[in-house]
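Since the structure comes first, as structure tokens, the remarks are kept for the end.
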Amino acid sequence: MTAVRAGAAIDVAAVGKRYGQRRGSANVALRDVNLSVQSGEFVSLVGASGCGKTSLIRMIGGLAPYSTGSITIDGDPVRGVPKRLGFVFQDAALMPWRSVRENVAMGLNEISKSLSKSDARSRVHEQLELVGLTKFADYYPRQLSGGMKQRAGLARALVSAPSLLLMDEPFGALDAFTRLRLQEELALIVSESNTTTVFVTHDVDEAVFLSDRIAVMSASPGTVKEVVTVDLPRPRLRRQGLLDNRRAAELRDHVLRLVMEDQDHQHGSGDQDPDSVGSNGVRADEVPTA
Amino acid sequence: MAHPTIEKPQAAAAAEPSSGDWETAGKSGRGDLLRKVAVVLPIVSVVLFLLIWQVVGGHIDPILLATPVNVAKAFWDLLTSGELGPAFATAMGDLATGYLLAIVVGIAVGVLMGRSPIVERILNPYVNFFQATPLIALVPLVVIWFGVGFEARVAVTFMLALWSIIINTATGVKETPASLIDVGRVYKFSRWRVITGVSIPNAVPNIFAGLRIALGKALIGMVIAQMEISVTGLGGLIVNYGNAFKTAYLLAAVCTASLVGVIAAAILEVIRRFAFPWTQGEDLGRW
């Protein structure tokens, strides 16, 4: 169907972010973050809550500004939302007034002019098939389970065959079994495309299972502490015993230790969460609406 | 290739009988009875009320309280004498004009206030002031401005209905989840499409809540205006028959005014169901 194009290459150099600059009490959310992601790579951002991983992925996606440093995608500095971006949100973020099909079709908005109506329709159809939602195409989001909503969100992000896929804790709110299944499906889908993927999670096992490399972040100020290469063969299937694989266990323990060390340092100051601060100061999806 | 297993939607799962639940087991017979009674109960209540009213009313001076039978007779009398039809039409006309104007202006202003913090700051004092003011007190001023005709009655109806619509629309637009706005940004929606395609649809449930409240207020405005400004329509009938101590006719006119409200509310509900099926709480009839 879609022409195979190269995934985007990302370069994050010396990026810093401060917010709440009121009376000099500026909070430093990120400091001196360096990370480069190669074309077609799958990189996870892992860290305790408050390390700024959501802030970082929003900056890469042009949804939040950064204060210092530079972020480039294929050499172009990020100013606003980059071209050909797919973004999967924590809460799926489907429009409740649109059917699943219409929600997925929204992902084609950017390239709709270069696409005939029947092409668009067949792309949406293929994508729905890929995530197993064909039978639910005409349902409204509130008629779906949490796992199905995230599948629809994933289909919306992938339908335009994006060169960059950003995922912000997409499976965080799902039950354990649904999460495992979606991880396997995501691994298959992404490995068949050339998309570059950046994936935010606090689940170390999830990061090891999915990633080519894992960027472990520390908090206060948030920065990339260490980048761990996941040298496990693909395809990775849990039922073939990945969990028993000694190398996988080593990697998991290593990453976990890095995160825990940082948390021990942080003990007592973990209340403030720069993750919850977006472009408007407050992320509405994390604030209960009255 | 991925072979995702299809999950069951929650709604379908919820529709399955939960008779296996130990708490409800054995009580289902009683539950069925309650459900049947629940349907009949309002009807029994109303019939009983009318019966009591009829009996009590028969023993009271008909000027103080007419019996239901006499109200019905008066209603028929008004209908056949050709008095009720035009009054009903005037009432519907005043209500529809004032209410529709309030919907157009209210939604437009509400969207502006919800989208722009500056507009919100500028208009908030007035919205709060008029929301808190007993607007009926402004009827004499409306008469000075608009005279005693159709325009004045529409103005009162409009003025009462407007504020709930503004406030509810603004709330719904303002509370658009940030993640939905982000979706618009990621997929390159124009500014205009973010408003029309994200913020306004998000506000639809709030807007309808506002419209229901506003309808009640518009009805009050319409009747008051017909009583106090023009002495016409249903309000006019109520005043005239009240002054003549013809209580049965007065109550017949009041019942007709309720009928206007019921019809208007039904129209609103039909529009909501057909134009915005996704706002429904339960089954959407899609499977």
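Report Rg(Cα)/(2.2 N^0.38 Å) for segment B:173-216, keeping two decimals.
Its radius of gyration relative to the 2.2 N^0.38 Å reference: 1.34.
Please list 3J(HN,Hα) in residue order for segment B:85-100, calculated via the Karplus relation 6.51 cos²θ - 1.76 cosθ + 1.60 where θ = phi - 60°; whole Hz, with x for glycine and proline.
Computed from phi, the couplings for segment B:85-100 are x, x, 4, 4, 5, 4, 4, 4, x, 4, 5, 4, 5, x, 5, 5 Hz.
Within chain B, which is the longest segment containing none of the GluC sites (Glu not before Pro) that sit in a DSSP loop and have at most 12 other Cβ atoms within 10 Å?
B:24-281
Quick one: the Cα spread of segment A:145-194 along its three principal axes, in angstroms, biggest first?
Dimensions of segment A:145-194 along the principal axes of its Cα atoms: 29, 17, 16 Å.
Name the residues whose placed amide hydrogens come within less than 5 Å of the amide hydrogen of A:PHE42, ignoring near sequence neighbours (fewer than 5 apart) on the same chain.
For A:PHE42, whose amide H was placed from the backbone, the distant partners under 5 Å are A:THR197, A:ASP212, A:ARG213.
What does the C-alpha gyration tensor say about the overall shape of chain B? Classify as rounded when a/c is under 1.5, otherwise prolate if a/b is larger than b/c, or oblate.
Here chain B falls in the oblate category.
Threshold 50 Å², probe 1.4 Å: give the residues of segment B:177-195, in number order, that are less accessible with all protein chains present than with their chain alone.
Residues losing area: B:ALA178, B:SER179, B:LEU180, B:ASP182, B:VAL183, B:ARG185, B:VAL186, B:TYR187, B:LYS188.
Just for the Cα atoms in the protein assembly as shown, what are the lengths along the principal axes, largest first, rounded to whole Å?
The Cα atoms of the protein assembly as shown stretch 96, 63, 55 Å along the principal axes, largest first.
Per 5 Å bin from zero, what fraction in whole % of the C-alpha pairs of segment B:101-219 is there, up to the bin with the longest pair?
2, 12, 19, 20, 17, 12, 8, 5, 3, 2, 1, 0
Rank B:VAL139, B:VAL239, B:VAL270 by mean-square fluctuation in a GNM of chain B with C-alpha springs under 10 angstrom and give only the top-ranked residue.
Maximum among the listed residues: B:VAL270.
May I ask for the equivalent-ellipsoid semi-axes of segment A:56-151, computed as the square root of five times each C-alpha gyration tensor eigenvalue and listed largest first in whole Å?
Value: 29, 18, 10 Å, ordered largest first.
Just tell me which lysines come within less than 23 Å, Cα to Cα, of A:LYS113; anything on the same chain fewer than 8 places away is out.
List returned: A:LYS83, B:LYS188.
Connecting C-alpha atoms closer than 10 Å in a GNM of chain A, tell me which of A:GLY75, A:GLY52, A:GLY172 has the biggest fluctuation.
Largest GNM mean-square fluctuation: A:GLY75.
So which residue, out of A:ARG58, A:ARG234, A:ARG101, gets the largest mean-square fluctuation from a GNM of chain A using Cα contacts under 10 Å as springs?
Among A:ARG58, A:ARG234, A:ARG101, the largest GNM mean-square fluctuation belongs to A:ARG234.
How big is the shadow of the Cα convex hull of segment A:172-227, averaged over all directions, in nm²?
Value for segment A:172-227: 4.5 nm².
Could you pull out every residue, at least 5 positions away or on a different chain, whose amide H is within less than 5 Å of the one on A:GLY222? Hs are placed 1.01 Å off N in the peptide plane, and Pro or chain starts have none.
The answer is A:LEU30, A:ARG31.
What is the projected area of the convex hull of the Cα atoms of segment B:112-169, averaged over all directions, in nm²?
That works out to 4.3 nm², a quarter of the Cα hull's surface.
DSSP beta bridges in the protein assembly as shown, what fraction antiparallel, as a percent rounded to 5?
Working: 20 of 39 bridges.
Percentage antiparallel, nearest 5: 50.
Ratio of alpha-carbon Rg to the 2.2 N^0.38 Å globular estimate for segment A:204-262, to two decimals, please. Before the final figure, lay out each step's value.
Numbers: Rg = 12.1 Å, N = 59, 2.2 N^0.38 = 10.4 Å.
Rg over 2.2 N^0.38 Å, computed on Cα atoms: 1.16.
Just the number, please: carbon plus sulfur as a percent of the accessible area of chain B, 1.4 Å probe, no ligands or DNA/RNA counted.
Accessible surface attributable to carbon and sulfur in chain B totals 70 percent.
Can you tell me the accessible area per residue over the protein assembly as shown, all protein chains present, probe 1.4 angstrom, in square angstrom?
Accessible surface, normalised per residue, equals 50 Å².
Please list, in order along segment B:117-127, the HN-Hα scalar couplings obtained from phi with the Karplus expression 6.51 cos²θ - 1.76 cosθ + 1.60 (θ = phi - 60°), rounded to whole Hz, x for Gly and Pro.
x, 5, 4, 4, 4, 5, 8, 3, x, 6, 4
Tell me the Rg and the Dmax, in Å, that the Cα atoms of segment A:117-261 produce.
Looking at segment A:117-261, its Cα Rg and Dmax stand at 16.6, 54 Å.
So what's segment B:165-287 giving for Rg/Rh, alpha carbon basis, Kirkwood Rh from the mean inverse pair distance?
A ratio of 1.19.
Apply the a/c threshold of 1.5 to the C-alpha gyration tensor of segment A:38-108 and tell me whether it is rounded, prolate or oblate.
Here segment A:38-108 falls in the prolate category.
Angle between the Cα long axis of helix A:146-158 and the longest principal axis of chain A, 0 to 90 degrees, nearest 10?
That works out to roughly 80 degrees.
For segment B:73-153, take N as its residue count and report Rg(C-alpha) divided by 2.2 N^0.38 Å.
1.56
Relative to the longest principal axis of the C-alpha atoms of chain A, give the angle of the C-alpha long axis of helix A:246-266, reported between 0 and 90° and rounded to the nearest 10°.
Helix A:246-266 sits roughly 50 degrees off the main axis of chain A.
What is the log10 of I(q)/I(0) for chain A, computed with the Debye formula using one identical point scatterer on each Cα and no solvent, at q = 0.08, 0.15 Å⁻¹?
Scattering profile of chain A, log10 relative to I(0): -0.34, -1.22.
Tabulate in residue order the Karplus-calculated ³J(HN,Hα) for segment B:136-143, using 6.51 cos²θ - 1.76 cosθ + 1.60 with θ = phi - 60°, rounded to whole Hz; enter x for Gly and Pro.
Once θ is set to phi - 60°, the couplings for segment B:136-143 become 4, 5, 8, 4, x, 5, 4, 5 Hz.
Give or take rounding to whole Å, what are the principal axis extents of the alpha carbon atoms in segment B:36-83, in descending order?
42, 28, 11
Rounded to the nearest 5, what % of the DSSP beta bridges within segment A:103-251 are antiparallel ones?
Once the DSSP bridges in segment A:103-251 are tallied, antiparallel ones form about 55 percent.
Before we go on, tell me the buried accessible area for the A/B pair, both chains summed, 1.4 Å probe, in Å² to the nearest 100. The partial results should precede the final answer.
On the way: alone 14650 and 18010 Å², together 28930 Å².
The A and B chains share an interface burying roughly 3700 Å².
The values are calculated or read from the model by the stated rules, or taken from the named source; none is laboratory data. Just so it is clear, the model here is predicted, and its values are computed rather than measured. Every residue, glycine as well, gets a Cβ built from its backbone with ideal geometry; the counts of neighbours run over all protein chains shown. Side chains are part of the model used for accessible areas, which takes the heavy atoms of the whole protein and leaves out ligands, DNA and RNA. Shrake-Rupley method; radii C 1.70, N 1.55, O 1.52, S 1.80 Å.
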